[in-house]
1. Tell me, T140, T128, T110, T102 in order of fewest to most beta-carbon neighbours within 10 Å?
2. Order of S84, S120, S67, S52 from fewest to most other C-beta atoms within 10 Å?
3. How would you rank K76, K91, K145, K126, going from fewest to most other Cβ atoms within 10 Å of each one's own Cβ?
4. Quick one: length gained pulling E109 to R83 fully straight, 0.36 nm per residue minus the C-alpha distance?
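We did not get these values from a lab; they are worked out from the coordinates using the rules stated. Because the structure is a prediction, the values reported are computed rather than measured. Glycine gets a Cβ as well: all are built from the backbone with ideal geometry, and neighbour counts include every protein chain shown.
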Amino acid sequence: MSINKNQKLTFFLPDFESELKIPFIPDGVSAGFPSPAADFMETNIDLNAALSENPLATFYIRVNGNSMIDAGINDKDVLVVDRSLEPQNNKIAICCIDGEFTVKRIQVETDCLYLMPENSNYQPIKVTEENELIIWGIVTYVIKKM
């Protein structure tokens, strides 16, 4: 089994007490043909509320490493993680395996569980009875700087 020892995750809790009001245009922006501006209609958005379906079970975590780049998760991205969601096949999860944190895709096979990287430079982690595995939560959003 190989775990990227250089991959570090930093945990953050959402700040639901924030009074910061960020302008929000709810109609979205066209990624195809331009659409009318709807008089620049503007409201506010609370990203903690918008990204947290289960606020008491949600946390943010910063990624350090590139084992998930083919899933759109890059170094320094911030993941929104929901601890209330059940781990399922093909979901991306924050896992603690043998005391090491990692973000990987869960792959369930007949008699085996794998933690799958999304980068061909990394090997899957086969979880055996000898491993201690804790799935901390399921990734629901990726926040990235462009």
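1. Fewest to most other Cβ atoms nearby, the residues stand as T110, T128, T140, T102.
2. Ascending Cβ contact count within 10 Å gives the list S120, S84, S52, S67.
3. Least crowded to most crowded, the residues run K145, K76, K126, K91.
4. 7.1 nm
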